[in-house]
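Peer 1: To start, I am sharing the structure in question, which I have written as C-alpha cells.
The values are calculated or read from the model by the stated rules, or taken from the named source; none is laboratory data. Bear in mind that the values here come from a model prediction, so they are computed numbers and not experimental data. Here the Cβ positions follow ideal geometry from the backbone for every residue, glycine too, while neighbour counts run over all protein chains shown. Just so you know, the surface numbers come from the protein's heavy atoms only, side chains and all, with ligands and any DNA or RNA stripped out. Shrake-Rupley method; radii C 1.70, N 1.55, O 1.52, S 1.80 Å.
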Amino acid sequence: AAIGAIAGLGAVVFYTLLTLATHWFLSDIVGYTVPVPAGEGFVHASHSFLRGWALPLVVTAGGLMSGLLVFNFAPEAEGHGTDAAIDAVHENPRGIRARAVAIKIVASAVTIGSGGSGGREGPTAQISAGFASLLSRVLNLSPSDARIAVSTGIGSGIGAIFKAPLGGAVLATEILYRDDIEPESFIPALVASIISYAIFAGFENFRPMFATPSTYHFADPRELGWYALLGVICGLVGLLYAKGFYGLAGAFGRLPIPRAVKPAIGGLLVGLMALGIPEVLGTGYGWVQQGLVRHALLGMPLWIVIVLPFARILATGFSIGSGGSGGIFGPGIVIGAFLGAALWRVLEPVAPAIPHGPAPFVIIGMMACFGSISRAPLAVMLMVIEMTASLEALAPAMLAVGIATLIVHRSDATIYRSQKRTRNDSPAHRLQRSITILGNVRSAEVMAKPRLVLEVGTPVTEALSFMERAGVPGAPVANRDDLFVGTLTRRRLGELQPGDSRTVDGVLDPTAVTVQESVSLDVALEALSTTPDSWVTVLDSGQHPVGIVTTTDIVRGYRRAVGAALARLSGVSGGAVQVEARVHKSAEAVGSSLRRAGLPPGTVIISIERGGGLFFPDGDTVFEPGDLVTATAPEDTAAALRSLLCAPSDERGHAMTGSPLT
C-alpha cells in the first residue's frame with residue numbers, strides 16, 4: 001500500500017513537471033502546441049512553428065541541461081529508468097539511491113518537455129522502485145521480499161502513469177525475465193497498482209488515456225489474415241527498434257567528448273528532424289490519438305504515417321541513447337500504433353475485410369510491437385486494453401501478439417537488457433533452488449562476532465587504521481545507541497589523501513545488505529549474492545549488529561546441513577556410507593556427465609563444490625578436476641566410486657572419507 005501510494009504521488013509530480021516543462025519549452029519559446037490524447041484534454045497540434053528557428057536550440061538546451069544534471073549528480077539516472085530498476089531487482093534491490101530518483105524526475109521532465117523523444121514510464125517506475133528500495137532498507141527486508149517490493153514498485157509506477165492498474169500488476173511479474181515470470185510479485189502488485197492508479201487518476205481523471213471513436217466488434221474471421229501480417233511487421237520492426245536504439249547508444253558512447261555533452265548533440269539531431277517531422281517531438285501520445293480516428297488519420301500525409309515509426313526509432317536513440325533521461329516504453333507504443341495505422345492506410349482502399357476505421361489496427365499494433373520486444377506480451381496487451389477501453393480487440397490481438405512474440409523470441413532480443421532469461425538465471429533464484437538444504441541452518445549458528453564495529457563520527461583515517469589492525473576488509477557502523485546505520489569498506493574509502501577530514505558518516509553505505517540472526521543460511525547466501533563484498537552484517541531484532549556471515553561460514557553451515565541430511569537417510573539406506581571425494585585431474589570420471597560416468601549402482605550424488613560455489617547437480621552435470629563431490633553409496637560399492645573420482649594412488653583417504661550412515 002505504501003509503495004502504491006508513493007507510485008501514485010510520484011506519477012502526479014512527474015506528470016505535472018513534464019506538463020510545465022513542455023508548456024515552457026515548446027509552447028512559450030518555440031510557439032508550438034504538442035497534441036494531447038483525449039484522456040488528458042484532447043489538444044490538437046499546431047499547424048506550424050511560430051519560431052521554428054528556436055526548435056533545434058530548445059531541444060539541444062534540454063539535452064544539455066539533462067546531461068549536466070545526470071552526469072554531475074547521479075550517473076545511474078542516465079537513459080531509461082526501467083532497465084536500471086530491473087537490474088536492481090536482480091542484483092541489489094536495496095541499492096537504489098534517493099538522489100538518483102530526484103535527478104531522474106527533473107532530467108526526464110527537461111528531456112521530454114523540451115521535445116526529446118521519450119516515455120513517461122521510466123521516471124515513474126524509478127520513483128516507485130526507489131521508494132521500495134528505501135523501504136527495504138528501513139524495514140530490513142529479506143532479499144526476496146526486497147525484490148518483490150522493487151518489482152511491485154516498477155509495475156505500480158508504470159500502471160499509474162498509463163492508467164492501467166491490472167496491466168501494471170502483471171508487468172511487475174513479467175518484465176524481469178525474457179522467458180519467465182515472478183509470480184510472488186503478483187498479489188502485492190495488485191494492491192500497489194490499484195492504489196497508485198486511484199491516487200493518480202484522482203488528481204487527473206479516471207478516463208482512459210485514449211478515446212476510440214466507435215466500438216469495434218471482431219465479426220469477420222478474414223480479418224485475422226491482416227492481423228497476422230501486422231504481427232509479422234510488428235515483430236520485425238520491434239527487433240529493429242531494439243537493435244537501432246542500442247546501436248545508436250553504442251555510437252554515442254564511442255564519441256570522444258564529455259558524457260554530459262552527448263545528450264545535447266542528440267537533442268540537436270532531434271530538433272533538426274522535427275522541423276520536417278514534428279510528430280517525433282515529446283511522448284507522441286497525442287499523435288496516437290489522432291491515428292485512432294479515421295478522418296484525422298486520412299488527413300495526415302501518407303508518407304508521414306509510413307515513415308513515423310522509423311523516425312521515432314531514430315529520435316528515441318538520439319534523445320535517450322545519447323544519455324538523455326526518459327523511458328523507451330512510450331516510444332515503443334507510438335511506433336506500434338503507427339505501424340498499424342500505416343498498414344490500415346495502405347490496405348483500406350484495396351483489401352477485403354478491412355475495418356472501416358483504423359482503431360483496431362492501431363490498438364493491436366501497440367500491443368504487438370512493444371509487447372513482443374519488451375518480452376512482456378500479456379502485460380502490454382492488458383495495458384493497451386485499459387489505455388483504450390477496447391476489450392473487443394483482444395481476440396484478434398492474440399494472433400498478432402503471438403506471431404510478433406515468436407519472431408522476437410527466435411532472435412533472443414529484448415529492449416530491456418537487464419532482463420534475465422529465466423528465474424534460474426537470476427543470481428538469487430539460482431542459489432535458492434540449488435542449495436535449498438541451507439534452509440535447515442540458522443545464521444546465528446554459524447556467524448562470527450564482529451571483530452570491529454565503527455561508531456558514527458569516527459574520522460575515516462582512524463577507521464581505516466582500525467580495519468587494518470583488525471584485519472578486516474570492512475565493518476558495520478552503528479550510532480551511539482548501537483543501532484546499525486550502514487557499512488564501511490576499504491573499497492569504498494579508496495585512496496585516502498593526507499589530511500582527509502571526513503568522518504565515516506559521509507562515506508558509509510546505508511544501502512548495505514544485512515540479514516537477521518533468525519533467518520536461515522539460504523537467505524544469508526542470497527544476501528551475499530547481491531553485494532560485491534564477501535560478508536554481510538547480521539542484526540538482532542533490535543537492529544543491533546551482532547555478527548558477520550562470510551562465504552566461509554556458508555560453506556561450514558552447508559557441510560553441517562549435508563551431514564544432518566545424510567544422517568536422516570539412515571532409516572532408508574541401511575548399509576550406505578557417505579563418500580566425500582576431490583575429483584583428480586586424471587580421474588576416469590573427468591569430462592563425463594553424471595548420467596554417463598558409470599557411477600556404481602545405488603550412488604546418489606548429493607552436491608558438488610566447485611570454485612567456491614555449491615550446487616545440486618543433475619544428470620547433465622559434468623565432473624571437472626577439483627570438484628569436491630559429496631555422495632552416498634552402498635558400502636560394498638563405495639571403493640568403486642572413490643576409484644572413479646580419484647587418482648589411482650589416492651586410495652588412502654585424505655582426499656575422501658567414507659562413514660557409515662547408521
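Peer 1: Can you compute the FRET efficiency between LEU50 and ALA395 using 1/(1 + (r/R0)^6), with r the Cβ-Cβ distance and R0 = 51 Å? Round to the nearest 0.05.
Peer 2: According to the calculation, E is roughly 0.65.
Peer 1: When the helices in the chain are scored as -39500 (n - 2.57) per DSSP H run of 4 or longer and the sum is shared across all residues, what 222 nm value do you end up with, to the nearest 500 deg cm²/dmol?
Peer 2: Mean residue ellipticity at 222 nm (helix-derived): -16500 deg cm²/dmol.
Peer 1: With +1 on each Lys and Arg Cβ and -1 on each Asp and Glu Cβ, how big is the dipole of the chain about its Cα centre, in debye rounded to the nearest 20?
Peer 2: In total the dipole reaches around 860 debye.
Peer 1: Same structure, new question: Name the lysines eligible as straight-distance cross-link partners of LYS420: C-alpha to C-alpha under 30 Å, and not fewer than 8 places from it in the same chain.
Peer 2: Answer for LYS420, where 30 Å is the Cα cut-off: LYS104, LYS163, LYS243, LYS262, listed by chain and number.
Peer 1: Separate question: Under a 1.4 Å probe, what is the accessible area of the chain per residue, stated in Å²?
Peer 2: On a per-residue basis, the chain sits at 39 Å².
Peer 1: If you don't mind, there's one more thing I want to ask. Using a 1.4 angstrom probe and counting only protein chains, how large is the accessible area of ARG642 in Å², to 10?
Peer 2: Result for ARG642: roughly 60 Å² accessible.
Peer 1: Now a separate question. In region 440-523, what trypsin sites (Lys or Arg not before Pro) fall in a loop by DSSP, with at most 10 other Cβ atoms inside 10 Å?
Peer 2: Sites meeting the loop and neighbour criteria: ARG480.
Peer 1: Can you give the FRET efficiency for ILE304 and ASN424, using 1/(1 + (r/R0)^6), R0 = 45 Å, r = Cβ-Cβ distance, to the nearest 0.05?
Peer 2: With R0 = 45 Å, the Cβ-Cβ based efficiency is 0.50.
Peer 1: Then there's this: According to a simple spin-label model (label point 7 Å from Cα along Cα-to-Cβ), what is the distance in nm between GLU462 and GLU588?
Peer 2: 6.6
Peer 1: Treating the angle as unsigned and between 0 and 90°, give the value, to the nearest 10°, between the Cα long axis of helix 81-91 and the longest Cα principal axis of the chain.
Peer 2: 10
Peer 1: To test your reading of the geometry: what angle, between 0 and 90 degrees and rounded to tens, separates the Cα axis of helix 2-22 from the longest principal axis of the chain?
Peer 2: 40
Peer 1: Sort SER48, SER27, SER319 by heavy-atom solvent-accessible area, probe 1.4 angstrom, most to least.
Peer 2: SER48, SER27, SER319
Peer 1: Between VAL350 and VAL604, what is the label-to-label distance in nm when each label sits 7 Å out along the Cα-to-Cβ direction?
Peer 2: Label-label distance for VAL350 and VAL604, simple model: 6.9 nm.
Peer 1: Give, as a single signed number, the net charge of other residues whose beta carbon lies under 12 Å from the beta carbon of VAL507, with Lys and Arg counted +1 and Asp and Glu -1.
Peer 2: Summing Lys/Arg as +1 and Asp/Glu as -1 gives +1.
Peer 1: In Å and from the alpha-carbon atoms only, list the Rg and Dmax of the chain.
Peer 2: Just the Cα atoms of the chain yield Rg and Dmax of 28.8, 93 Å.
Peer 1: Please work out the C-alpha center-to-center distance from region 83-160 to region 576-590 and express it in whole Å.
Peer 2: 48
Peer 1: Can you give me the Cα centroid spacing of region 1-79 and region 615-644 in angstrom?
Peer 2: Measuring centre to centre over Cα atoms gives 62 Å.
Peer 1: Any idea which of MET447, ALA351, ALA647 is furthest toward the positive side of the dipole for the chain, if Lys and Arg beta-carbons carry +1 and Asp and Glu beta-carbons -1?
Peer 2: Sorting the options by dipole projection puts first ALA351.
Peer 1: Let me ask something additional. Based on the mean of other Cβ atoms within 10 Å per residue, sort peptides 235-241, 263-269, 212-218, 170-176 so the most packed one is first.
Peer 2: The packing order, highest mean first, is 170-176, 263-269, 235-241, 212-218.
Peer 1: Then there's this: May I ask you to derive the FRET efficiency for ASP482 and ALA2 from their Cβ-Cβ distance with R0 = 30 Å, giving the value to the nearest 0.05?
Peer 2: After rounding, the FRET efficiency stands at 0.65.
Peer 1: Using a 7 Å offset from the Cα along the Cα-to-Cβ direction at both PHE616 and ALA219, what is the distance between the two label points in nm, to one decimal?
Peer 2: Placing both labels 7 Å along Cα→Cβ, they lie 5.6 nm apart.
Peer 1: Ok, one more. Have a look at LEU190, ILE103, ALA160 and report the one farthest towards the positive end of the charge dipole of region 87-201, computed about the Cα centre with Cβ charges (Lys/Arg +1, Asp/Glu -1).
Peer 2: ILE103
Peer 1: Quote the charge dipole size of region 594-641 about the Cα centre in Debye, to the nearest 20; the model charges only the Cβ of Lys and Arg (+1) and of Asp and Glu (-1).
Peer 2: 100
Peer 1: Sticking with this one: When the accessible area of the chain is computed with all protein chains present and a 1.4 Å probe, what percentage of it is carbon and sulfur?
Peer 2: 61
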